[in-house]
1. Could you look through segment 1-45, keep only residues that are modelled with pLDDT of 90 or more and in contact with a Gly (Cβ under 8 Å, 6 or more places away or on another chain), and pick out the one that is least open to solvent (accessible area, probe 1.4 Å)?
2. Can you tell me which residues in segment 78-101 are of a type in the set (G, A, S), at pLDDT 95 or above and open to solvent by 50 Å² or more (accessible area, probe 1.4 Å)?
3. Tell me which residues, restricted to segment 62-77, are more than 19 Å from S33 (Cβ to Cβ), open to solvent by 30 Å² or more (accessible area, probe 1.4 Å), out of contact with any Leu (no Cβ under 6 Å at 6 or more places or on another chain) and not hydroxyl-bearing (S, T, Y).
Amino acid sequence: IGVSRELIAGHAYASNSLLLLQSVTHPFVSFSSMSFSRDAHKIELVGSANSYRSVAEQVGLFETHPQVEKVDFGGLSVGEKGLVNFKLAVIFKPSLLQAPR
């Protein structure tokens, strides 16, 4: 039973955080990599956008989401085809990571 609970909790974390990511990703932003840290309630993302404005709007979408506790961003650079590359670390509120009952 303990193992089942742990699997369900891990699944809820991944599912809930991916659903949140899907719902708040800006139309002019794409993410090329991500990593999860269940213990830290955090997802780290590497992305690119068509402009600095789109990056700022993406950060704002995360910052105003009720299930997000904190957003850190950086690593700004202009890459191929003039796209703006960036990194985000999004810390979720613990309630997002709980399995539904």
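1. The selected residue is V29.
2. Across segment 78-101, there are no qualifying residues.
3. Scanning segment 62-77 gives E63, H65, P66, E69, K70.
The values are calculated or read from the model by the stated rules, or taken from the named source; none is laboratory data. Computed from a predicted structure; not experimentally measured. Here Cβ is always computed from backbone atoms with ideal geometry, including for glycine, and neighbour counts include all displayed protein chains. In case anyone asks, the SASA skips ligands and DNA or RNA and just uses the protein heavy atoms, side chains included. Shrake-Rupley method; radii C 1.70, N 1.55, O 1.52, S 1.80 Å.
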